[in-house]
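Notes follow once the structure below has been shown.
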Amino acid sequence: MNRQFLSGLSYLFAIIFLASCSPSTDEMMGEARKYLNEENTGEAKKWLDRIIEKDPENAIAYNMRAVAFFMEEQYGRTVEDCSKAIALAPQEYKAFYNRGNAYREQQNWTKALEDYNEAIKLKPNVEDLYNNRAFVLVELKNYEQALKDYNFALEMNADNAGILYNRAQVALKMGQEDAAREDLERVIMKDQGHAEAHFLLGMIEYLAENQERACQLWRRAANLGSEEAKEKLTAFCN
């Protein structure tokens with residue numbers, strides 16, 4: 001056989017072999033997701049960088065890399081990557097949600113609210129969107145709208161102790177002690193280890209002049225690690 005032909009054939013096989021060894025975008029995405037789930041953001045970003053280099057219009061990769069930056073508390077980089085994802089796929093809610101989370105951490109309440117509003121327009125049945133928007137609304141002192149968001153989130157998941165606790169805090173800000181007490185009792189029923197709920201319910205009981213009950217709740221909170229509860233026990237309980 002002709003040596004020149006053999007050389008060319010070997011080169012062709014080499015190209016085919018190298019192509020077959022290169023991971024596909026889906027395979028690289030799988031690796032990135034695996035590392036993100038393991039909270040190994042460095043390795044996740046390496047795979048996402050490769051995907052973006054190969055396909056610079058991959059909105060999902062930008063959004064996933066934004067999540068990695070968020071986990072590293074690099075909120076400026078999170079905003080940058082989310083903005084790229086939004087430019088490429090404005091119909092997807094996740095990048096708006098993630099950018100809103102980054103703005104929230106930066107205490108840019110107005111921009112966070114705008115992004116949560118947009119995310120909810122695109123995907124109106126995700127409880128976390130309402131929970132996070134409510135947090136921002138509380139910071140903006142729009143308690144009535146925050147309460148509506150918490151109510152809506154709880155319609156989707158009535159067993160979410162975290163949202164119940166958040167709603168109780170808003171109810172207290174609005175002077176609705178009875179509603180706050182009811183929510184906190186529900187939180188404790190669902191999560192016996194919720195130190196903050198025990199402490200806050202203790203405060204409500206103390207202000208209602210139920211000192212014995214307050215001290216019981218503060219003792220539980222202290223046993224769960226609440227330093228505030230320990231201070232209250234020292235100051236007001238035998």
I'd like to verify a number: residues in region 208-226 that are within 20 Å of V187 (Cα to Cα) and in a helix (DSSP H, G or I), how many? 11
Checking the structure you have, find out if any residue of region 214-226 is hydrophobic (A, V, I, L, M, F, W, C), closer than 29 Å to R99 by Cα and modelled with pLDDT of 95 or more. no
Across region 87-101, what is the total count of residues that are among the aliphatic types (A, V, I, L, M), over 12 Å from I60 (Cβ atoms) and in contact with a Lys or Arg (Cβ under 9 Å, 6 or more places away or on another chain)? 0
In region 208-225, is there at least one residue being in contact with a Phe, Trp or Tyr (Cβ under 6 Å, 6 or more places away or on another chain) and farther than 22 Å from K141 by Cα? yes
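Only one of these is surrounded by fewer than 16 Cβ atoms within 10 Å (Cβ to Cβ) and assigned to a loop (DSSP other than H, G, I, E, B): E39, E53. Name it. Walk me through how you get there before you give the answer.
Working: E53 fails: assigned to a loop (DSSP other than H, G, I, E, B).
Exactly one of E39, E53 is surrounded by fewer than 16 Cβ atoms within 10 Å (Cβ to Cβ) and assigned to a loop (DSSP other than H, G, I, E, B), namely E39.
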Confirm whether A95 is touching a Leu at 6+ places or on another chain (Cβ under 6 Å) and within 25 Å of N160 (Cβ to Cβ). no
Single residue of Q145, Q107 found to be of a type outside the set (S, T, Y) and free of Cβ contacts under 8 Å to residues at least 12 places away in the same chain: Q145
Given (1) small (G, A, S); (2) closer than 25 Å to A229 by Cβ; (3) under 23 Å from the mean Cα position of the chain (by Cα); (4) crowded, with 19+ Cβ neighbours inside 10 Å, where does G202 come up short, assuming only one miss? (3)
Where residues in region 41-89 are among the charged types (D, E, K, R) and more than 22 Å from E27 (Cα to Cα), which of them is farthest from the chain's Cα centre (by Cα)? K84
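Restricting to region 150-166, name every residue that is part of a helix (DSSP H, G or I), more than 14 Å from I188 (Cα to Cα) and touching a residue at least 12 places away in the same chain (Cβ under 8 Å). Spell out the reasoning first.
Our first condition is that a residue be part of a helix (DSSP H, G or I); within region 150-166, this holds for 150-156, 161-166.
Remaining after also requiring more than 14 Å from I188 (Cα to Cα): 150-156.
Those that are part of a helix (DSSP H, G or I), more than 14 Å from I188 (Cα to Cα) and touching a residue at least 12 places away in the same chain (Cβ under 8 Å): Y150, N151, F152, A153, L154, M156.
Does at least one position in region 171-180 carry a residue that is basic (K, R) and on the phi > 0 side of the Ramachandran plot? Please lay out each step first, then the result.
Just the residues of region 171-180 that are basic (K, R), to begin with: 173.
Next, from what is left, pick out any that are on the phi > 0 side of the Ramachandran plot: none.
Scanning region 171-180, I find no residue that is basic (K, R) and on the phi > 0 side of the Ramachandran plot, so the answer is no.
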Which condition number does L184 fail, the rest of (1) buried (at least 21 other Cβ atoms within 10 Å of the Cβ); (2) under 28 Å from T78 (Cβ atoms); (3) of a type in the set (A, V, I, L, M) being met? (2)
Which helices (runs of 4 or more DSSP H) sit wholly inside region 74-144 and have at least 2 residues that are of a type in the set (A, V, I, L, M, F, W, C), crowded, with 21+ Cβ neighbours inside 10 Å and touching a Cys at 6+ places or on another chain (Cβ under 6 Å)? none
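The values are calculated or read from the model by the stated rules, or taken from the named source; none is laboratory data. Bear in mind that the values here come from a model prediction, so they are computed numbers and not experimental data. In this analysis, Cβ positions are derived from the backbone assuming ideal geometry, glycine residues included, and neighbour counts consider all displayed protein chains.
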